[in-house]
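This report concerns only the one structure given below.
The values are calculated or read from the model by the stated rules, or taken from the named source; none is laboratory data. All values derive from a computational prediction rather than experimental measurement. Cβ placement follows ideal geometry from the backbone for every residue including glycine, while neighbour counts extend to all protein chains displayed.
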Protein chains: 2
Amino acid sequence: MYQSEFEIIRRYFAESGLYFDKSGVELGIGDDAALLQVPEDKLLALSMDILVESVHFPMSADPGLVANRALAVNLSDLAAMAAEPFCFTLGLVLPDNDEHWLQEFSQGLLPLARKYNCPLVGGDITRGPLSICIQVQGLCEKHHAVRRSGACVGDKIYVSGTLGDGAIALASLAQESHLGKSFAFISENISANCRQYFENAYYKPEPRIELARRTASLLSSGIDISDGLLGDLGHITQASGVGAKLSVNLLPFSASAICCMSEENRLLAALHGGDDYELCCTLPANNCAQFEEQARQADTPVTCIGEIVAGSGIVYVDEAGNSLSIEAASYQHF
Amino acid sequence: MYQSEFEIIRRYFAESGLYFDKSGVELGIGDDAALLQVPEDKLLALSMDILVESVHFPMSADPGLVANRALAVNLSDLAAMAAEPFCFTLGLVLPDNDEHWLQEFSQGLLPLARKYNCPLVGGDITRGPLSICIQVQGLCEKHHAVRRSGACVGDKIYVSGTLGDGAIALASLAQESHLGKSFAFISENISANCRQYFENAYYKPEPRIELARRTASLLSSGIDISDGLLGDLGHITQASGVGAKLSVNLLPFSASAICCMSEENRLLAALHGGDDYELCCTLPANNCAQFEEQARQADTPVTCIGEIVAGSGIVYVDEAGNSLSIEAASYQHF
């Protein structure tokens, strides 16, 4: 059935439950621009992430899962600034107007939009090769926006959740990996449970909004891990003018990662894999107990994986504190 | 030469002159999100527009011109709300990292970014089929945001500039037209001047920011003409619950449009063509003199083309005020 751009916007976006009332949203979908009232004591955080078919998800991917991931990875950037989600805009490039796809995609955005009280307020839709561009708007406390540049020598380095699952998930989805040919499952016969675990890890990363909100005032710096721990922690050390000592034996892995991947490949996935959307943050040692308690209350596992040191660059140490040498190359989008 | 995503961002965006200091931009390119301080007495306007290769511009198009158009059509949406440009974000999907293309594209964004004091503050860049997603952020006076819904019976309808040039330009660029096979130039031999005029009309539409800023308090409603006058004025009449009487003989055309197109095709281009990015607005008759004076000071031609009437829908009248019948279908993106 033929549907105009306006009909698509009305049916799948304006009237699908994605555009709901929210204090501060003065005008949403349906004019030349959305209008927001930003509280005077807050900063507005803006972040944009694009997902392209065959690059970020396979052609056959479930549209609902793709939608969930598209919004989740954007919300993860807000978490990395300790910003509370405010609203989002959506730029959709679609090869055709497939009612089923649009319906599933639109419904796939709903759970996170509702959970984080983050309505869709505008965007654009046009014809072309499938891609999804989302911009999230968030609100930060003026003095508690978590930047990359505040890490100090002696600060402890924490990550949320487990590492490497994003890259392992890509391999389980049979997408090309930049980690090389030796990056492979131990056995071809991955259990259905593990496969499901990785699919969830890829399409349903949990934005660490609650952890960030609770702990913003305790942190000296933070970033979300989208390009691999090494690359993203590297952004922190570079922006802060410091170095980092990483205790490789402390890196947290999921049971599925341990089950399906060799130790070497797990490490490769964590350090260089990308797509984990966990938080990596630094905090003064004095704040650690309070941070861990808040993480417990937010029901978010966190692990101390090292500390900030003088100098530059990242060094690895083993259990005994001895230096390790590991080759490096974080995820490059080109 | 191989360039990483971060190198591309640094070279062509962060350090290209596009990211400059601006009051209210607390943090720009280089963290998980940009941070804005929005003045308490203003509303933040958000608008997003996507341009896709082979849909919105030919594959061979000059990257600098494409960049200019991408930013211009977004700024036009801010003009339609009478919002002052604040900053923009850029989502770029690129098939490869062509240094020449990136250099020209980045430089092509500069003139409008500078002219409207609208720095680039963030975005995303990824691999895939070429498309450009821009979101502009603007600031509106709280009580003078121009919406689509305020038109009242008796209000006069004005447009800025000339109509139909966008659609005629597409034809001159040998892009497919949705206006049918009879939508063609009078002669194959369009003069170099006319060709240049249409290229400028397409790639360098002038966002009517200055006109909107000066006249916001005089207007009852406004929209920018991106889908053809009929479709866009239709959005105003629908949102306002009124009808409109359009004096077809008053529609303003450029000398090049008159020279290259039959009267019938000019009218088709104006009513159904799209891509003009002129303002269409309504205002009480009492405000017309002041509106025209402000337009003169803004050096922006404006033309009164009809008035708002009771009822719904749009009727056409000729010079003598008699009803005309013209077939209708505004630009559909699908």
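Below are the figures for this structure:
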read-out: Entirely in the range B:201-307, the strands (runs of 3 or more DSSP E) that have 3 or more residues that are within 18 Å of the chain's Cα centre (by Cα); value: B:221-224, B:279-283
read-out: Hits in the range A:193-212 - residues which are surrounded by fewer than 17 Cβ atoms within 10 Å (Cβ to Cβ) and closer than 23 Å to A:Arg114 by Cα; value: A:Glu199, A:Asn200, A:Lys204
read-out: Answer from B:Tyr158, B:Tyr116 - the residue that is over 24 Å from A:Thr126 (Cα atoms) and touching a Pro at 6+ places or on another chain (Cβ under 8 Å); value: B:Tyr116
read-out: All positions within the range B:102-119 that are crowded, with 19+ Cβ neighbours inside 10 Å and closer than 19 Å to B:Ala72 by Cβ; value: B:Phe105, B:Ser106, B:Gly108, B:Leu109, B:Leu112, B:Ala113, B:Tyr116, B:Cys118, B:Pro119
read-out: Which listed residue, of B:Gly64, B:Gly122, is surrounded by fewer than 23 Cβ atoms within 10 Å (Cβ to Cβ) and touching a residue at least 40 places away in the same chain (Cβ under 8 Å); value: B:Gly64
read-out: Search result, residues across the range A:244-291 that are surrounded by 18 or more Cβ atoms within 10 Å (Cβ to Cβ) and of a type in the set (Gly, Ala, Ser); value: A:Ala244, A:Ser247, A:Ser254, A:Ser256, A:Ala257, A:Ala269, A:Ala270, A:Gly273, A:Gly274
read-out: Within the range B:126-141, tally of residues that are at the interface with another protein chain (Cβ under 8 Å from one of its Cβ atoms), of a type outside the set (S, T, N, Q) and farther than 17 Å from A:Thr89 by Cα; value: 4
read-out: Hits in the range B:197-227 - residues which are under 28 Å from B:Gly243 (Cα atoms) and hydrophobic (A, V, I, L, M, F, W, C); value: B:Ile209, B:Leu211, B:Ala212, B:Ala216, B:Leu218, B:Leu219, B:Ile223, B:Ile225
read-out: Selection within the range A:264-299 - small (Gly, Ala, Ser) and in contact (Cβ under 8 Å) with a residue 24 or more places away in the chain; value: A:Ala269, A:Ala270, A:Gly273, A:Gly274, A:Ala285, A:Ala295, A:Ala298
read-out: Criterion: touching a residue at least 40 places away in the same chain (Cβ under 8 Å), charged (D, E, K, R) and in contact with a Gly (Cβ under 6 Å, 6 or more places away or on another chain) - qualifying residue of A:Glu104, A:Glu99, A:Glu53; value: A:Glu104
read-out: Some residue of the range B:34-56 being of a type outside the set (Phe, Trp, Tyr), at pLDDT below 95 and either touching a strand residue (DSSP E or B) at 6+ places or on another chain (Cβ under 6 Å) or assigned by TED's automatic domain parsing to the domain that holds B:Ala216 (or both); value: yes
read-out: Subset of the range A:68-96 that is touching a residue at least 40 places away in the same chain (Cβ under 8 Å) and of a type in the set (Asp, Glu) - its residue that is surrounded by the fewest Cβ atoms within 10 Å (Cβ to Cβ); value: A:Glu84
read-out: Criterion (touching a His at 6+ places or on another chain (Cβ under 9 Å), outside the structural domain of B:Ala72 (by TED's automatic domain parsing) and either at pLDDT 95 or above or over 29 Å from A:Leu90 (Cβ atoms) (or both)) met by exactly one of B:Leu211, B:Leu219, B:Leu233; value: B:Leu219
read-out: Any hit, the range A:71-78, residues being in contact with a Lys or Arg (Cβ under 6 Å, 6 or more places away or on another chain) and farther than 26 Å from A:Ala174 by Cα; value: no
read-out: Test set (1) out of contact with any helix residue (DSSP H, G or I) (no Cβ under 8 Å at 6 or more places or on another chain); (2) more than 26 Å from A:Ile308 (Cβ to Cβ) - A:Lys142 fails condition number; value: (2)
read-out: Residue in the range A:210-229 that is within 12 Å of chain B (Cβ to nearest Cβ) and farther than 26 Å from A:Ala289 by Cα present; value: yes
read-out: From the options A:Ala83, A:Ala113, residue that is in contact with a Ser or Thr (Cβ under 9 Å, 6 or more places away or on another chain) and among the small types (Gly, Ala, Ser); value: A:Ala83
read-out: Residue ID - surrounded by the most Cβ atoms within 10 Å (Cβ to Cβ), chosen from residues in the range B:125-138 that are more than 16 Å from the chain's Cα centre (by Cα) and outside any loop (DSSP other than H, G, I, E, B); value: B:Ser131
read-out: Lone qualifier among A:Ile157, A:Ile190 - being crowded, with 22+ Cβ neighbours inside 10 Å and more than 11 Å from chain B (Cβ to nearest Cβ); value: A:Ile157
read-out: Residues within the range B:161-178 that are within 14 Å of chain A (Cβ to nearest Cβ) and more than 13 Å from B:Asp227 (Cα to Cα), tallied; value: 2
read-out: Residue within the range B:150-159 that is more than 14 Å from B:Leu46 (Cα to Cα) and under 15 Å from the mean Cα position of the chain (by Cα) present; value: yes
read-out: Qualifying residue in the range A:296-303 (condition: in contact with a Phe, Trp or Tyr (Cβ under 7 Å, 6 or more places away or on another chain) and at pLDDT 95 or above); value: yes
read-out: Residue among B:Ser149, B:Ser160 that alone is assigned by TED's automatic domain parsing to the domain that holds B:Val302 and on the phi < 0 side of the Ramachandran plot; value: B:Ser160
read-out: The range B:29-41, subset in contact (Cβ under 8 Å) with a residue 12 or more places away in the chain and surrounded by fewer than 21 Cβ atoms within 10 Å (Cβ to Cβ), residue farthest from B:Ser226 (Cα to Cα); value: B:Gly30
